[in-house]
Amino acid sequence: MERGQAKTERRSAGGRRLTRRDVLASVLAGGALGTAGLFFQKYYEEIRFCTTREDKAETFIAKASSYDADLTAPIQAGMRELGIGPEQIRDKRILLKPNLVETAEGAVHIHTHPHVIRAAAEAMLRLGAASVIVGEGSANYREIARIAEETGLDELLAEDNIPIVDLNCDDLVVRPNAGRRTRLKTLAFPAAIEKVDFVVSMPKMKTHHLAGITLSMKNMFGLMPGIAYGWPKNLLHCVGINESILDINATLPAHLAIVDGIIGMEGDGPLLGVPKYAGTLVIGRNLPAVDATAARIMGVEPSKVPHLIAASGWLGTIRQNNITQRGETLASVQTEFQLLEKIPAQRGLRLKATRRDRPL
Amino acid sequence: MCITPQQPEACWPTSLAILAWQGAPEQQKSQEKAVRFLLEHSKVLTPKLPKESVGCDTTLKGWPWTADTFSWVEPTALAMIALRATHSENHPRAQDAVAVLMDRQLPDGGWNIGSTIVFGQALRPMPENTGMALQALCGQVPGKDVAKSIRYLGSCLERLHTPFTLGWSLLGLSAWAEGIPNRQEMVMNVLQRQDQCGAFDTTALSVLLVAHYCERGLIDLLDGKH
């Protein structure tokens, strides 16, 4: 979507006319708010499943009753089931990219839980990884050290000498934009990406009032450096949030995704929603497939999520028939996340079989 | 000024360059050019949008992180501080900065990156942004207009243990002559945390050390009164 196209009126999936004014409003509210995703939805629905071939994918669902449970074992089991063993990890330098956008006292539903991050780090080290670093470019915090301290992540990782890198303020490396869904010809990444061999997107399972839901693909937004794109990555919102998600994932595809769905967020996510217990971890190498699986767990139809339908057949697959489900069944962990009718990006996302949106 | 030649739209460091050149006669022309850029050439989006839906007045023109995007608290506060340091605080654009910052103040006090109310809910304040805004607004608005923000920031101090956030928080409170009795202890605690957590970023440490040095905020220092 070129920037100038925002001048054209469009209709959302629900039929409401969206204007440039709507889009600008959502972009400004920005990092936190808005509706920008919607006006792309019709466009993407039109090209839905028009691709000729989609790869098959596997995802692994684990049950995890709490953050105090042994989380390393299910992550190891998932990786084993997905064919990721010592041969794939030995001597690799690993970057874990959690979602550490913000925190609040006592809140575990806003960010990827430190215990999940540590468990992933331990799983990688047990498979022979040369090193593990945790990196994030928070959209709302100016220094990662503060959120690491407030969440207890710094102490937890210090036990294993795992460093936390502030991706907002790292040196920059510029790569050609492989997606070209935005007008941006190049994308600036933190130099940390050139010092690792294997990137793991570790999102929180949340609703989102710009993108509908935020999972492993949207989580890669946090890789982008604030010094180049601002806080909350405002330039990327202005050129199109869904297009930016696609460009980032096309240019720097992650090797693995581990979704923290033990306690997620429903309603007015990604910051102001309420906790939602789902008791699950979702793991996979194909990010659109992982997100589609997580979306179905949340009671969300992935083909209604603009960046997922646009990614399907290109960056991965979201078709249920293409995804082999390992571990637990979808039905055994499915729990409906609340979607708010007042948030345009969340309208009409509900899986038909579970439609019970809350009118507000 | 931009962050790198390959990212010319990332113009927010202009304000920092102005501050860095303060008191350096050999950089005076560069500084003047940078001030002119801030005053005349900064590109910022100011669409007219309903305040009830976005929570702020989008027609006010502050400063963006990157050209042709929206005004945000930090670049606007930094621009205001740079303009004050170069005695341009009476320029209409400086007054724009004051208006933007006051408009983005959260209902219960404090500032964050610049999002106020979303779908009817107020977002959380952040101490680092609050410190920057208070520093920028010192002497520009009556104390009563920012009293809730000063109280919010004062209530945060004890739990701030990282250099950038504590540094800006100290600067913001100091600018408003708020007494900070255990200032040195707080600064030392942060420095000592490096033994456990590893070295902090140099830029963040610089903010903390400046804050430690400036007991009345940044402006006196920049005016050579310290």
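Nothing in this text is a laboratory measurement; each read-out follows from the coordinates by a stated rule. Being a predicted model, the structure only gives us computed values, none of them experimental. No Cβ is skipped: glycine too gets one built from the backbone with ideal geometry, and neighbour counts run over all protein chains shown.
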Per the C-alpha gyration tensor (a ≥ b ≥ c, the square roots of its eigenvalues), the stretch A:102-224 is rounded if a/c is under 1.5, else prolate if a/b beats b/c, else oblate; here it's oblate
Highest first, please rank the peptides A:161-171, A:175-185 by the mean number of other Cβ atoms sitting within 10 Å of their residues.
A:161-171, A:175-185
Given the convex hull over the Cα atoms of the stretch A:10-354, what projected area results after averaging over all orientations, in nm²?
15.1
Please tell me which of these pairs span more than 28 angstrom C-alpha to C-alpha: A:97/B:43; A:204/B:43; A:185/B:51; A:92/A:204; A:92/A:185?
A:97/B:43; A:204/B:43; A:185/B:51; A:92/A:185
Place the peptides B:138-148, A:287-297 in order of packing, highest mean first, counting for every residue the other Cβ atoms within 10 Å and averaging per peptide.
A:287-297, B:138-148
Between the stretch B:179-223 and the stretch A:158-177, how many Å separate their Cα centres?
24
Let me know the charge dipole size of the protein assembly as shown about its Cα centre in debye, to the nearest 20, where only the beta-carbon of Lys, Arg (+1) and Asp, Glu (-1) is charged.
2280
Over all directions, average the projected area of the Cα convex hull of the protein assembly as shown and note it in nm².
24.7
Length-normalised contact order for the stretch B:94-215 - Cα pairs under 8 Å, 6+ apart - percent
24
Let me confirm one metric for peptide A:135-148, namely the mean number of other chain beta-carbon atoms within 10 Å of its residues' beta-carbons.
5
Can you tell me the order of A:328-335, B:160-167 when each peptide is scored by its average per-residue count of other Cβ atoms within 10 angstrom, highest first?
B:160-167, A:328-335
If Rh is defined by the Kirkwood formula over all Cα pairs and Rg also comes from Cα, what ratio Rg/Rh do you get for chain B?
0.96
